[in-house]
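Quick notes on the structure that follows.
Read-outs: derived from the displayed coordinates by stated rules, not from any lab. Since the structure is predicted, the reported quantities are computational estimates derived from the model, not experimental observations. FYI the Cβ positions are ideal-geometry reconstructions off the backbone, even for glycines, and counts take in every protein chain you see.
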Amino acid sequence: MKLFAIFGNPVAHSKSPLMHNAVFKALGIKACYTRVLLKDGAKLRDTFLKLNLSGANITVPHKEAAFKSCDEVRGFAKKAGVVNTIVKEDDKLVGYNTDADGFLYSIKDFKDIKNILVIGAGGTAKALVQKFLDEGFDVSILNRSEKRLSFFEQSGAKTYSWDNFKADSFDLAVNTTSAGLEDESLPVPDDMADKIISNIKYGADVIYGKKTPFVKLLEKNGIPYKDGSDMLLAQGVLANHLFLGKRYDTQTIQKYMEKVFRY
Ligand code: NDP
């Protein structure tokens, strides 16, 4: 029996156990996926090994710690500096990132996107910003505080804190903060949110499972948006391929995951 887990804090909201267990059950795979509340990211590697896991996903706020916990990081994650999927290969912990491709898949219906405002500068923002830059989008980042912006300054993106942000027009604004996950707060002050919303074509929030204040504001203003559920599904399918060595095709995995995770 193989054991998989998701690490996070908070982690109770995560639908990843339901999604992956549905696939294991439907395909008769001897595996189980659980959740681990991890307070200290520095303990990720030890906890992974103690639990004898075969693989894991990592959510808020440990994606950067996960990057540091791996023996090897492959593909896009190497460039982004954040890992959301770890697979044990022989005795090595190998890290990947499936968030950014998952997000791009989720906004495939949004047309003519050229410039994007990313709200937040945490682990998820790092992955999305790197992918947006790779895809040739013009990217601006707006974060509550300045400390995390230095990482992005060399990347070619424009960076702003709440103190020096000037609302411009954007094709897409994405909330990548955890504001609204466990509380009812917007990711920026109310007046700034109103200015942003009045100058965008599309919106997105990476949080899923509830209507965040940001999503409610998009809805109130009639702006087409995606919440985090399509991203969750797409990143989950990609992670499952890594866990099972791509033994099953994407449609099969997606079919079983989709049945359980929509709310
Ligand atoms: P991190 O902890 O790495 O980063 C959090 C970011 O949010 C920081 O920029 C922080 O700003 C900001 N922030 C936190 N609280 C507030 C607040 N009240 N107001 C304004 N800004 C705030 O988190 P992650 O990047 O790992 O995760 C972020 C979110 O993305 C989580 O809600 C997670 O559930 C979701 N997620 C969803 C996925 C999906 O598949 N749908 C996949 C991955 C993540 P500061 O620097 O000032 O502290």
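Can you list, bin by bin at 10 Å, the percent of alpha carbon pairs in segment 111-223, starting at 0?
Going out from 0 Å in 10 Å bins, segment 111-223 shows 14, 52, 31, 2 percent.
Find which of ASN199, LEU142, ALA127 sits farthest along the positive direction of the dipole of segment 111-223, computed with +1 on the beta-carbon of Lys and Arg, -1 on that of Asp and Glu, about the Cα centre.
Checking the options against the dipole of segment 111-223, the answer is ALA127.
Would you list, by chain and number, the aspartates and glutamates whose Cα falls below 16 Å from the Cα of LYS111, excluding same-chain residues fewer than 8 positions away?
Leaving aside aspartates and glutamates fewer than 8 places away in the same chain, those within reach of LYS111 are GLU135, ASP138, ASP171.
How high is the relative contact order of the chain, in percent, counting Cα pairs under 8 Å that sit 6 or more residues apart?
Relative contact order comes out at 17 percent.
What percent do you get for the relative contact order of segment 111-223 when only Cα pairs under 8 Å and 6+ apart count?
Rounded, it is 25 percent for segment 111-223.
Near the amide H of ALA167, under 5 Å away, which other amide H atoms are found, from residues 5 or more places off or on another chain, if H is placed in the peptide plane?
none
Using the basic label-point model (7 angstrom from Cα toward the beta carbon), what is the TYR105 to SER155 distance in nanometres?
The answer from the label model is 2.1 nm.
Under 5 Å between amide H atoms, partner at least 5 residues away or on a different chain: which partners does ILE207 have, H built in plane at 1.01 Å?
Distant-sequence amide H within range of ILE207: GLY228.
If each Cα of the chain is one equal point scatterer, what is log10 of I(q)/I(0) from the Debye formula at q = 0.13, 0.14 Å⁻¹?
So the normalised log intensities are -0.81, -0.94.
I want to check the label-to-label distance for ASP249 and ASP112. Put each point 7 Å from Cα in the C-beta direction and report it in nm to one decimal.
Each label point is offset 7 Å from its Cα along the Cβ direction, giving 3.6 nm.
Report, by chain and number, residues whose modeled amide H sits under 5 Å from the one on ARG144, excluding near sequence neighbours (fewer than 5 apart, same chain).
Answer set, sorted by chain and number: GLY120.
Would you mind getting me the FRET efficiency between LEU3 and LYS39? Use the beta-carbon distance for r and R0 = 25 Å, nearest 0.05.
0.75
From the phi angles alone, apply the Karplus equation (6.51, -1.76, 1.60; θ = phi - 60°) to segment 210-225 and give each ³J(HN,Hα) in whole Hz, x where the residue is Gly or Pro.
Ordered by residue, 3J(HN,Hα) equals 7, 8, 6, x, 5, 5, 4, 5, 4, 4, 4, 9, x, 8, x, 8 Hz.
Per residue of segment 234-249, what does 6.51 cos²θ - 1.76 cosθ + 1.60 with θ = phi - 60° give for ³J(HN,Hα)? Whole Hz please, x for Gly and Pro, Karplus curve as stated.
5, 5, x, 4, 5, 5, 4, 4, 5, 5, 9, x, 6, 6, 10, 7
Shape of segment 1-102 from its Cα gyration tensor (a ≥ b ≥ c, root eigenvalues): rounded if a/c is under 1.5, otherwise prolate when a/b > b/c, or oblate?
rounded
By average Cβ neighbour count within 10 Å, what is the ranking of 49-61, 117-129, 162-174 from highest down?
117-129, 49-61, 162-174
Does anyone have the angle between helix 250-261 and the longest principal axis of the chain? Alpha-carbon axes, 0 to 90°, nearest 10?
Value to nearest ten degrees: 70.
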